[in-house]
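The values are calculated or read from the model by the stated rules, or taken from the named source; none is laboratory data. Quantities reported herein were computed from a predicted structural model and do not represent experimental measurements. Neighbour counts run over all protein chains shown; Cβ positions are idealised from the backbone, glycine included. For the accessible areas, the whole protein counts, side chains as well, though only heavy atoms, and no ligand, DNA or RNA atoms are used. Shrake-Rupley method; radii C 1.70, N 1.55, O 1.52, S 1.80 Å.
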Amino acid sequence: GSPFQLAVWYACKDIPYGSTCTYGELASLAGYPGAAQAVGRAMASNPLPLIVPCHRVLPASGGIGSYSGGSHLKQWLLHLEGALDKG
């Protein structure tokens, strides 16, 4: 990946099991505040989705967002981790 993609993927690996963050929050964690849309594109090209847990990244507007394995799989993974059962 590009230096930007690598920064985003490494930051994504730090999202704890059972937690979520928004694309904007991940952009800030990666050192690129304001790059939420670019983070979405980096997540879409994630070559290791179970190692780099891109299913934990959600849109700020609410909902699940997209996932390379389908939104149904993303929702299932988040439920498995208990991330959607909080609050």
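Protein heavy-atom accessible surface, 1.4 Å probe, per residue over the chain: 57 Å². If one takes the longest principal axis of the Cα atoms in the chain, at what angle in degrees, from 0 to 90 and to the nearest 10, does the Cα axis of helix 71-81 lie? Computed tilt is about 70 degrees.
Summed over qualifying helices (DSSP H, 4 residues or more, each -39500 (n - 2.57)) and divided by its residue number, the chain shows a 222 nm mean residue ellipticity of -12500 deg cm²/dmol. For T22, nonlocal amide neighbours, meaning residues 5 or more places apart or on other chains whose placed amide H falls under 5 Å from its own, are L58.
Label positions at S61 and Y17, each projected 7 Å from the Cα along the C-beta direction, are separated by 3.3 nm. Computed from Cα atoms, the angle from the helix 3-13 axis to the main principal axis of the chain rounds to 30 degrees. Quick note on the chain: its Rg to Rh ratio, both from C-alpha atoms and Rh being the Kirkwood radius, is 0.93.
Given their separation in residues at 0.36 nm each and the Cα-Cα distance between them, H79 and L6 gain 23.6 nm when the chain is fully extended.
Could you tell me the relative contact order of the chain? Use alpha-carbon pairs under 8 Å, at least six residues apart, and round to a whole percent.
On the way: 98 pairs, mean separation 24.9, N = 87.
Relative contact order, the chain: 29 percent.
Each Lys or Arg adds one and each Asp or Glu takes one away; over the other residues whose Cβ falls under 15 Å from the Cβ of E25, this sums to +1.
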